[in-house]
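Asks: First the structure, then my questions, so here it is.
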Amino acid sequence: MKFFPKLILLASLCSSVVWAQSPFMAAASAAKSESQDVWWKHAVIYEIYPRSFQDSNGDGIGDLNGITERLDYLQSLGVDAIWLTPIYPSPQVDFGYDISDYEAIDPPYGTMADFDRLLAEAKKRNIRIIMDMVMNHTSDKHPWFIESKSSRNNPKRDWYVWRDGKGPGIPPNNWESVFGHTAWKYDPTTNQWYYHKFYAEQPDLNWRNPEVEKAMFGAVRFWLDRGVAGFRLDAIPTLFEDPQLRDARPVGGTNAYGDPILDDTYTDNLPEVHDVMRRLRALVASYPGNRVLIGETYLPNIQELDKWYGGASHNELNLPMDMQIGFTNKLDANLFRQRIQEVETKVHDNQPLIVFDNHDNIRSWNRYGDGVHDDEIARVLAAMLFTVRGTAMMYYGEELGMVTTPPARVEDVKDPIGKIGWPKEKGRDGERTPMQWSDSKDAGFSTAAATWLPVAPDYKTVNVQSEQADPNSMLNWYKKLIEMRRSNPALHDGSLIMLDKSNPNVLSYLRKAPAGSPSVIVSLNFTAQPQNVSLDLAGTGVAGNTVKTLLTDASALQSTTSLNHIELPPFASWIASVQ
Ligand code: NOJ
């Protein structure tokens with residue numbers, strides 16, 4: 001990772017007997033639908049970077065109407081929800097993560113009427129919209145910060161983190177911005193410094209001031225009232241800082257910006273953030289329709305992840321992102337097995353959210369690819385993403401095999417960190433290039449003479465149009481996997497049991513179906529060599545007498561009918577029903 005170094009008995013009786021609906025029963029089935037069948041547990045969530053998805057008005061920048069035009073595509077892919085990265089008014093220093101108004105749409109993306117139309121059209125296709133909520137910081141052009149900055153006595157002064165320096169030109173402490181160098185900016189008007197975890201144009205809000213929570217929860221309500229399905233909470237572990245501003249301890253080494261690497265105990269993941277999460281969960285849960293709270297949670301271990309769910313109390317985020325699986329950046333069956341097991345067993349039966357790609361990291365194609373078998377590797381990872389027991393999150397273009405295309409020259413860089421850190425850190429432009437729809441001009445993304453970022457050169461072959469026409473394309477592999485995940489009862493609801501647990505090359509698991517349906521076996525060869533596996537179902541409660549291939553990218557595996565001797569070609573995925 002380059003960016004952030006995170007009444008069962010009653011219910012079963014109900015399903016086998018026809019009961020007259022009593023108030024008690026109604027409550028029980030409501031409990032079931034809340035706890036077991038909520039939509040987001042089975043969902044495929046598709047991240048859209050709106051600037052790069054579809055430009056509808058020829059200005060070279062993607063927009064909301066562009067997304068609406070492409071909803072049929074998303075529906076055909078099998079997407080249940082779209083997460084939109086920020087579309088609010090913003091000076092766009094951090095491409096929307098610097099918000100200057102939380103309750104409006106930035107004009108280059110469209111109008112509020114366009115947003116409402118997108119919401120309504122998506123709903124017709126059973127697609128929900130999830131907003132990005134940036135609560136850690138605002139833009140320095142947000143009226144709150146402009147007021148805060150105006151004088152030490154301004155009522156909004158305490159909405160941000162202001163402190164005296166240690167002396168002339170010396171910041172309050174040694175904390176560093178994620179985006180390089182000191183995290184403090186001096187303001188000559190009031191002779192104090194403000195804290196910014198990210199760019200200096202993104203001052204951190206002071207969450208110790210209750211007014212801040214009130215204002216931010218107001219913005220949350222605004223979008224819930226409009227009908228959004230939930231939020232992805234940006235940089236949420238960074239909400240609080242140590243009130244004593246203790247210096248961070250250097251842990252050795254320097255980062256891409258040449259700064260010493262510091263321990264983040266005083267700036268990340270402070271316990272206070274969990275109180276806010278519980279209140280936010282209560283607010284969101286007071287709305288109907290199982291709205292969802294997703295967290296951008298890069299965390300050091302599974303115990304920390306568990307806390308973001310609220311552990312056994314299940315009262316914080318519904319889906320904090322598990323970055324331990326998708327960002328191992330190593331095609332290692334043992335490691336994946338261990339990480340999947342951890343989220344299966346150590347988060348108090350909360351629901352895993354698995355993610356391999358987003359707008360901040362080199363695409364998984366390049367992180368896992370070996371330069372020779374990139375396509376095969378991408379397929380085997382996709383097979384894992386959609387068949388483990390978890391909510392699946394994907395990033396636009398992943399389904400096509402879009403690759404990271406970083407700028408070749410520093411003068412072409414758009415993402416400021418690419419300028420600060422060049423050439424070690426080239427920024428995040430490479431994973432944000434325009435969606436590749438066709439082989440026509442600008443890949444069908446735009447009709448503009450120049451697009452905000454250049455289209456990747458492989459668009460002539462890697463695009464929706466040509467992949468739709470090719471039954472063996474990556475796009476069709478994704479579609480088949482998503483369709484199977486949706487329709488197969490074992491993949492939909494089954495528990496996960498690891499098989500062949502000491503195999504270092506092949507990851508195999510059983511998705512044990514609810515009684516009455518066949519279970520599913522998944523076997524994934526993570527190596528460039530053929531592998532033979534023999535799968536033993538003893539102790540799983542599944543007999544394994546009848547085996548039938550459901551989906552594979554290796555034709556030799558189509559006719560496999562026994563678990564005793566399975567010959568997996570290099571990087572093959574094999575998914576079979578078993579009973
Ligand atoms: C995480 C976002 O994903 C990233 O794009 C942004 O730069 C930082 N948070 C700051 O908001």
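Asks: Being closer than 30 Å to PRO416 by Cα and modelled with pLDDT of 95 or more, is that true of even one residue in region 344-353?
Replies: yes
Asks: Among ARG232, ARG221, ARG226, which is within 26 Å of the chain's Cα centre (by Cα), of a type in the set (Lys, Arg) and within 15 Å of the ligand (Cβ to nearest atom)? Step through it out loud before you land on a result.
Replies: Values: ARG221 fails: within 15 Å of the ligand (Cβ to nearest atom); ARG226 fails: within 15 Å of the ligand (Cβ to nearest atom).
That would be ARG232, the only listed residue that is within 26 Å of the chain's Cα centre (by Cα), of a type in the set (Lys, Arg) and within 15 Å of the ligand (Cβ to nearest atom).
Asks: So, one more: Mind checking which residues of region 144-164 are assigned to a loop (DSSP other than H, G, I, E, B) and away from the ligand (no atom under 16 Å from the Cβ)? It would help to see each step written out before you state the result.
Replies: Just the residues of region 144-164 that are assigned to a loop (DSSP other than H, G, I, E, B), to begin with: 151-156, 161, 164.
SER151, ARG152, ASN153, ASN154, PRO155, LYS156, ASP164, listed by residue number.
Asks: In the list PRO171, PRO155, which residue meets the criterion of being surrounded by 14 or more Cβ atoms within 10 Å (Cβ to Cβ), at pLDDT 95 or above and out of contact with any helix residue (DSSP H, G or I) (no Cβ under 6 Å at 6 or more places or on another chain)?
Replies: Going through PRO171, PRO155 in turn, the sole match is PRO171.
Asks: Mind listing whichever residues of region 568-579 are of a type in the set (Phe, Trp, Tyr) and either part of a strand (DSSP E or B) or surrounded by fewer than 16 Cβ atoms within 10 Å (Cβ to Cβ) (or both)?
Replies: TRP574
Asks: Is it the case, given these coordinates, that LYS141 is in a loop (DSSP other than H, G, I, E, B), modelled with pLDDT of 95 or more, within 16 Å of the ligand (Cβ to nearest atom) and more than 25 Å from GLU47 (Cβ to Cβ)? Talk me through it step by step, then tell me what you get.
Replies: Details: in a loop (DSSP other than H, G, I, E, B): yes; modelled with pLDDT of 95 or more: yes; within 16 Å of the ligand (Cβ to nearest atom): yes; more than 25 Å from GLU47 (Cβ to Cβ): yes.
Spelling it out, LYS141 is indeed in a loop (DSSP other than H, G, I, E, B), modelled with pLDDT of 95 or more, within 16 Å of the ligand (Cβ to nearest atom) and more than 25 Å from GLU47 (Cβ to Cβ).
Asks: When region 378-424 is examined, which residues are found to be of a type in the set (D, E, K, R), surrounded by 20 or more Cβ atoms within 10 Å (Cβ to Cβ) and farther than 22 Å from MET498 by Cα?
Replies: Matches in region 378-424: GLU398, GLU399, ASP415.
Asks: Follow-up question, since we're still on this one. Considering only region 116-127, I want to know if a residue exists there that is crowded, with 19+ Cβ neighbours inside 10 Å, assigned to a loop (DSSP other than H, G, I, E, B) and within 16 Å of the ligand (Cβ to nearest atom).
Replies: No, region 116-127 has no match at all.
Asks: Now a separate question. I'm trying to understand the selection: among the residues of region 541-567, which are part of a loop (DSSP other than H, G, I, E, B) and crowded, with 18+ Cβ neighbours inside 10 Å?
Replies: Scanning region 541-567 gives VAL542, GLY544, ASP553, ALA554, THR560, LEU563.
Asks: While we're here: Checking the condition aliphatic (A, V, I, L, M) and either crowded, with 21+ Cβ neighbours inside 10 Å or at pLDDT below 95 (or both), which residue from ALA215, ALA219, ALA183 passes? Write out each step before concluding.
Replies: On the way: ALA215 fails: either crowded, with 21+ Cβ neighbours inside 10 Å or at pLDDT below 95 (or both); ALA219 fails: either crowded, with 21+ Cβ neighbours inside 10 Å or at pLDDT below 95 (or both).
Among ALA215, ALA219, ALA183, only ALA183 is aliphatic (A, V, I, L, M) and either crowded, with 21+ Cβ neighbours inside 10 Å or at pLDDT below 95 (or both).
Asks: Let me ask another. Hey, can you tell me all the residues within region 176-193 that are within 16 Å of the ligand (Cβ to nearest atom) and either under 30 Å from the mean Cα position of the chain (by Cα) or in a loop (DSSP other than H, G, I, E, B) (or both)?
Replies: Result: GLU176, SER177, VAL178, PHE179, GLY180, HIS181, ALA183.
Asks: If you don't mind, there's one more thing I want to ask. So, in region 94-115, of the ones that are assigned to a helix (DSSP H, G or I) and aliphatic (A, V, I, L, M), which residue ends up farthest from the ligand (Cβ to nearest atom)? Working first, answer last.
Replies: Let us first name the residues in region 94-115 that are assigned to a helix (DSSP H, G or I), namely 107-109, 112-115.
Now restrict to residues that are aliphatic (A, V, I, L, M): 112-113.
Values: MET112: 23, ALA113: 27 Å.
Per the criteria, the residue is ALA113.
Asks: Cβ contacts < 7 Å: first residue farther than 16 Å from TYR97 by Cβ, restricted to region 405-428; second residue among the basic types (Lys, Arg) and surrounded by fewer than 19 Cβ atoms within 10 Å (Cβ to Cβ), any location; separation 6+ or different chain. Result?
Replies: Taking only residues 6 or more apart or on different chains, the pairs are VAL410/LYS419; VAL413/LYS419.
Asks: Tell me, which residue of region 521-535 that is over 25 Å from the mean Cα position of the chain (by Cα) and not in a strand (DSSP E or B) is nearest to ASN505 (Cα to Cα)?
Replies: Checking each candidate, the answer is THR527.
Asks: How do the pairs read when you match residues in region 49-78 that are not assigned by TED's automatic domain parsing to the domain that holds LEU400 with residues anywhere that are in a loop (DSSP other than H, G, I, E, B) and surrounded by fewer than 22 Cβ atoms within 10 Å (Cβ to Cβ), using Cβ under 6 Å and keeping only pairs 6 or more apart or on different chains?
Replies: Matching pairs, first to second residue: none at all.
Asks: A further question follows. Which members of region 267-318 meet the condition of being part of a loop (DSSP other than H, G, I, E, B) and surrounded by fewer than 20 Cβ atoms within 10 Å (Cβ to Cβ)? So that I can check it myself, show each step before the final result.
Replies: Taking region 267-318 as the starting set, the residues that turn out to be part of a loop (DSSP other than H, G, I, E, B) are 267-271, 286-291, 296-301, 310, 314-318.
Of everything in region 267-318, those that are part of a loop (DSSP other than H, G, I, E, B) and surrounded by fewer than 20 Cβ atoms within 10 Å (Cβ to Cβ) turn out to be LEU270, PRO271, SER286, TYR287, PRO288, GLY289, ASN290, PRO300, ASN301, GLY310, HIS314, ASN315.
The values are calculated or read from the model by the stated rules, or taken from the named source; none is laboratory data. Note that this is a predicted model, so its numbers are computed, not measured. A quick note on method: Cβ atoms are made from the backbone with ideal geometry, for glycine too, and the neighbour counts reach across all protein chains shown.
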